[in-house]
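> Please find one structure pasted underneath; my questions will follow.
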Amino acid sequence: MSTMFGMADGDPTPGLWNWAIGKRIDEDRVRGAIAGTLERSVVPLGADGMIMCDVYAVGGDFPTLADVYLAPAEVAETTAASAVAVRLDAAVLLPDEGLDPTRYVLAEPDGTLRPVHVDEIETDDGPERRGLRPCTGDDCDRTPDRPAAA
């Protein structure tokens, strides 16, 4: 199995996924979508469980943040994010390994994955992401059909 988009599947901190969701969604619904995707119990941060998920609201174009702790290593983050986006009918934004801090992977509500750029502003409530735009240029040559050259 090949990776589609860098950090999303090769994160140096295995078991931690940090996602931003493109609309406000109740925390129980987010946890339920992740649990259904992973076929495992997902509990709030601090509760006893194999997978924990902290969900909170911020401003910006992706106002629901989900931090998933102890995510299973055998599941590619991009695959999980794609399935969760479909279940929630909302875009899910996740990190990319590129050197450009504005580059992310977007899992669209239909499950499509694509590289994008967004601007991130750190606030007291957490990071806000705004200004979604297509990925163009040299840093955007990697796609599911055309991985980056080794």
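> Could you tally the net charge around A57, taking each other residue with its Cβ under 11 Å from the Cβ of A57, Lys/Arg +1 and Asp/Glu -1?
In short, -2.
> Dividing the alpha-carbon radius of gyration of the range 7-140 by 2.2 N^0.38 Å (N being the number of residues), what value is obtained?
Ratio of Cα Rg to 2.2 N^0.38 Å: 0.98.
> Return a whole-number percent for the relative contact order of the range 62-129, with Cα pairs under 8 Å and 6 or more residues apart as the contact set.
Over the range 62-129, the number comes to 25 percent.
> Using Cα-Cα distances under 8 Å and only pairs 6 or more residues apart, what relative contact order does the range 7-140 have, in percent?
Value for the range 7-140: 25 percent.
No value in this document is a laboratory result; all are computed from the given coordinates. Being a predicted model, the structure only gives us computed values, none of them experimental. No Cβ is skipped: glycine too gets one built from the backbone with ideal geometry, and neighbour counts run over all protein chains shown.
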